Amino acid sequence: MRKAVFISLWKKAKMYNPQLTDDGKLKHLLSIEGLPKSIITQILDTAESFVGVAEREVKKVPLLRGKTVCNIFFENSTRTRTTFEIAAKRLSADVINLNVSTSSQSKGETILDTVDNLTAMHADMFVIRHAQSGAAHFIARHVKPHIHVINAGDGRHAHPTQALLDVFTIRRYKPEMHNLRVALVGDVLHSRVARSEIHALTTLGVPEVRVIAPKTLLPEHVEKMGVHVYHDMAAGLKDVDVVMMLRLQNERMTGALLPSAQEYFKTFGLTQEKLALAKPDAIVTHPGPMNRGIEIDSSVADGRQSVILPQVTYGIAVRMAVMSILAGNN
Amino acid sequence: MRKAVFISLWKKAKMYNPQLTDDGKLKHLLSIEGLPKSIITQILDTAESFVGVAEREVKKVPLLRGKTVCNIFFENSTRTRTTFEIAAKRLSADVINLNVSTSSQSKGETILDTVDNLTAMHADMFVIRHAQSGAAHFIARHVKPHIHVINAGDGRHAHPTQALLDVFTIRRYKPEMHNLRVALVGDVLHSRVARSEIHALTTLGVPEVRVIAPKTLLPEHVEKMGVHVYHDMAAGLKDVDVVMMLRLQNERMTGALLPSAQEYFKTFGLTQEKLALAKPDAIVTHPGPMNRGIEIDSSVADGRQSVILPQVTYGIAVRMAVMSILAGNN
Amino acid sequence: MRKAVFISLWKKAKMYNPQLTDDGKLKHLLSIEGLPKSIITQILDTAESFVGVAEREVKKVPLLRGKTVCNIFFENSTRTRTTFEIAAKRLSADVINLNVSTSSQSKGETILDTVDNLTAMHADMFVIRHAQSGAAHFIARHVKPHIHVINAGDGRHAHPTQALLDVFTIRRYKPEMHNLRVALVGDVLHSRVARSEIHALTTLGVPEVRVIAPKTLLPEHVEKMGVHVYHDMAAGLKDVDVVMMLRLQNERMTGALLPSAQEYFKTFGLTQEKLALAKPDAIVTHPGPMNRGIEIDSSVADGRQSVILPQVTYGIAVRMAVMSILAGNN
């Protein structure tokens, strides 16, 4: 009896969790929300094995040989596209780059027709970037069973591989995650990274996650995500182990949420002085690209506590891990 | 004596048939016109063997390993470029994408200089897309003997791989081609696909090919291509085995050839009701991208009689077949 | 004592020679200036071995397998990008094309952040094209030791692979380089190719290098580069073995340095008549893309003395040589 109820609940949960197969394996990577700790840990552990590949003479493994990975970018992002392209090629996949904004969209083809067409060409994996929240979920709900969808950023919603590489980097430098105090600083409101990061940290057992931002850059009810809210850098950075800077999404801001960039830098920009309030061995992350002199000072960005470039390195390993796990779960 | 006349005629014919080598093998694929039935059949039969490759774990064969395939697109078409790129990569070729409109053209380099340069780089195959009719022929006439040219669409003239995948799809669903009644519906006037399709069907022995369109969307003297002309869907679709929809080329129409899109849909749009006039097991094709609600209703596009997505799948196999046959005919 | 002085001088020289490793091997290819004759010869000799690869059935060698080559083009040039892409793929590298002007630059990311990020992704080689002189040097000075930088054209400064393929071509047709008389004709002022060519010719021991141009298209003090200056084609072409045409950089010219294009062609355009003044077996080079009818007549461009297409062919071999030498010097 109880088992039947459990199964029914579990099936219901599954409806909200299109990322997992019936037996709980990773099918798509759409958001950190809904990923059990076991799967996040599987991704991070698998990524460890790929860190070494990048340091080899021949940086290639044949795990995705003969597979077709389509980078479908409805919003241009050379930077993100490059990370997925490198990851896929190191796994020996064939990579097809599609910048859809400039092509079939203009002929009136719908997103789903584009996706159906690529599916019919026996693509194996879609890496989706879209300006609208929910686009990757929408596509994942629609595709044939053999297709795996990876969300490479959808509007303000999620950017799960970024969050995974962030926690991978943190775990590498601070393996005792259940003892950490982490602060996210800056534009939480417009950041698809922030949401994913908070979920990833919480799921991996980080006991204290703070957000530090002006009220105008925080979503309503952000405390409900289990974070402590600060509007003051001095208080918020006190004794933290990790400072996760967010990019000021200039291009996404509409209206006058902020005073000038200089004013912002003065109050919320990460300088050596402000960083000194954190623990002496605190590390600093940033998802890039950085606005130097706006949300972060160059002396911090290039300083000894910065792990911003290691994040990029581990980003390849994490994306290889996600792709190889997905490809293995057919 | 008669033999000499024959040879002379044949040589003359050959002048108009730059697609074939001296011993009658496929050298370029420029248009369906001028392709003997034996070669069309060779392509379709070869494509059959590639359908299976796309369903394998490792979707790759080494037939074009070490060959360089250049997708030279003077007109942007992500969709078509993708199909050729996937086909070439599954054959293990190196693929170079060139969007020429935005590059050397602006430096005043002529098409032939572009082609000469790529030839000098030891490219093996050119896939050409151009807004002007005859561009692929022009290039094929000019290139060095070891280069193979594939027409991926030139103006209103031809799009032979599309026509080949169409007849491949039809043959798969309706193998008795000498018993078929086929109707092409819509904008025959602006369609490079329609011309190629009619030639392919006729060459393969389809006894009855119809075109259904308003007078303003038909070329003059279209009957001379051996088709039956209808201006009425009810009469034209009666008892056909195959309904081949054409895309309404909005972007190519100049002037007021048409009333409104709604008006067009009402009269010539393919709905379930109109389709019911065809044979009960009739299939529906469309070259894509579709204008849903203009030339075709979504319930038909996604319905049980639609073979539109199989067309896309077979399109990869057909392009692999064309490329591998060309590469083998050196 | 003398040894100490020598070492100190040598170290100083090294500061100005970021292209070489401590033990004098090629580390970056930034300009012909500063390349010792031994290295130029090594590149040309290595290129000889790659000429054959392009003529094989399988045009591929595994020398760069598992390496990541990034074509970072801050200025669009499909033509140049294609030559490097083909060269890298024939060496079995993974190639990533980045058109940076349209991507991270617009998000305010600096060049160095872009380069740092790609370095962190374990790229192995950067091919840099930039509108500003010195861009490739700037990047080379900054990158991590394992990264190799190739200058694919920076402003008016240099385009070393073009100069190398030019001298490679000349050496193939006229192996006795210490007996040659070479004339460069045209827009020396705006040409990044001209500077590199003059250095390459001089270094390889060509005894007489002439430049022929109107005063307005010559840099000040050009004689200091060791060339003989002519403002008259009749005198300048007299008895030369090699005529190296330069492209008229229409798109870089500001102001009225020239009369009309017709006027220019009349005076400095290379015609059959003018070419007849050179030695009967003189060869004609052009870096492409050509302005036919402006700096060169089509009858010369396509004539028996033209080696313009062989230049393109050898360009692939020379770029393969540069890349494989760099990759071998880790």
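The figures follow:
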{"item": "Cut-off 11 Å between beta-carbons: net charge of the residues surrounding A:A93, Lys and Arg +1, Asp and Glu -1", "result": "+4"}
{"item": "Cα convex hull of region A:76-168, projected area averaged across orientations, nm²", "result": "6.4"}
{"item": "Cβ-vector label at 7 Å, C:H146, separations to other copies in nm", "result": "3.7, 3.7"}
{"item": "Tilt relative to chain A, helix A:192-203 - C-alpha long axis, 0 to 90 degrees, to 10", "result": "90"}
{"item": "Hz values of 3J(HN,Hα) by residue in region A:209-219 - Karplus curve (6.51, -1.76, 1.60), Gly and Pro given as x", "result": "10, 10, 10, 10, 6, x, 4, 5, 10, 10, x"}
{"item": "Packing-based ranking, highest mean first, of C:265-272, B:154-161 given that Cβ atoms within 10 Å are counted", "result": "B:154-161, C:265-272"}
{"item": "Nearby aspartates and glutamates by direct alpha-carbon distance to C:K224 (threshold 16 angstrom, same-chain neighbours under 8 apart not counted)", "result": "C:E33, C:E197, C:E208"}
{"item": "Student exercise, the protein assembly as shown dipole from Lys, Arg, Asp, Glu Cβ charges, in Debye to nearest 20", "result": "1480"}
{"item": "Computed magnitude of the charge dipole of region A:268-330 (debye, nearest 20; Cβ of K, R +1, Cβ of D, E -1)", "result": "140"}
{"item": "Stretch gain in nm, segment B:D239-B:H221, where the contour uses 0.36 nm per residue and the Cα spacing is subtracted", "result": "4.0 nm"}
{"item": "5 angstrom amide H check on A:V284, placed H, neighbours 5+ away", "result": "A:V243, A:S306, A:V307"}
{"item": "Shielding of C:116-126 by partner chains, average beta-carbon count, 10 Å", "result": "6"}
{"item": "Minimum Cβ-to-axis distance in chain C for the rotation onto chain A, with residue, whole Å", "result": "C:N97, 5"}
{"item": "For C:Y173, label point 7 Å along C-beta direction: distances to other copies, nm", "result": "5.8, 5.8"}
{"item": "Neighbour-count ranking [beta-carbon atoms within 10 angstrom, fewest first] of B:F84, B:F74, A:F73", "result": "B:F74, A:F73, B:F84"}
{"item": "DSSP beta bridge pairing in the protein assembly as shown, given as percent antiparallel to the nearest 5", "result": "5"}
{"item": "Inter-copy spacing of A:Q272 label points, which lie 7 Å from Cα along Cα→Cβ, given in nm from shortest upward", "result": "7.3, 7.3"}
{"item": "Shape category assigned to region B:116-262 from the gyration tensor of Cα positions, a/c cut at 1.5", "result": "oblate"}
{"item": "Subset of A:K60/C:K89; B:K67/B:K144; B:K27/B:K89; B:K37/B:K238; A:K174/A:K238 violating a 25 Å alpha-carbon distance limit", "result": "B:K37/B:K238"}
{"item": "Simple Cβ-charge dipole of chain C, Lys/Arg +1 and Asp/Glu -1, about Cα centre, in debye nearest 20", "result": "760"}
{"item": "Expected 222 nm ellipticity per residue - DSSP helices of 4 or more, -39500 (n - 2.57), all of chain C, to 500", "result": "-11500 deg cm²/dmol"}
{"item": "Quarter of the Cα convex hull surface for chain C, i.e. its orientation-mean projected area (nm²)", "result": "18.1"}
{"item": "For C:77-85, mean number of other protein chain Cβ atoms within 10 Å", "result": "6"}
{"item": "Distant alpha-carbon pairs in the protein assembly as shown (separation over 41 angstrom), percent", "result": "48"}
{"item": "Peptide A:87-99 - average C-beta neighbours from other chains (10 Å radius)", "result": "4"}
{"item": "Peptides C:138-144, B:54-60 ordered by average Cβ neighbours within 10 Å, highest first", "result": "C:138-144, B:54-60"}
{"item": "Proxy reagent accessibility, fewest Cβ within 10 Å first, across B:H228, A:H286, A:H122", "result": "B:H228, A:H122, A:H286"}
{"item": "FRET efficiency, A:K144 to B:E263 (Cβ-Cβ, R0 41 Å, nearest 0.05)", "result": "0.70"}
{"item": "Spin-label pair C:H228/B:T110, simplified geometry with 7 Å Cα→Cβ offset, distance in nm", "result": "3.5"}
{"item": "Positive minus negative residues near C:G205 (Lys, Arg vs Asp, Glu; Cβ under 12 Å)", "result": "0"}
{"item": "Mean Cβ neighbour count within 10 Å, used as a protection proxy, ranking B:287-293, B:36-42 highest first", "result": "B:287-293, B:36-42"}
{"item": "Estimated vicinal HN-Hα couplings, Hz - region B:280-288 in sequence order (Karplus 6.51, -1.76, 1.60; Gly, Pro = x)", "result": "x, 9, 4, 10, 10, 10, 7, x, x"}
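Laboratory data are not the source of any read-out in this text; all were calculated from the coordinates shown. Since we're looking at a predicted model, the values are computed, not measured. Backbone-built Cβ (ideal geometry, glycine too); neighbour counts: all protein chains shown.
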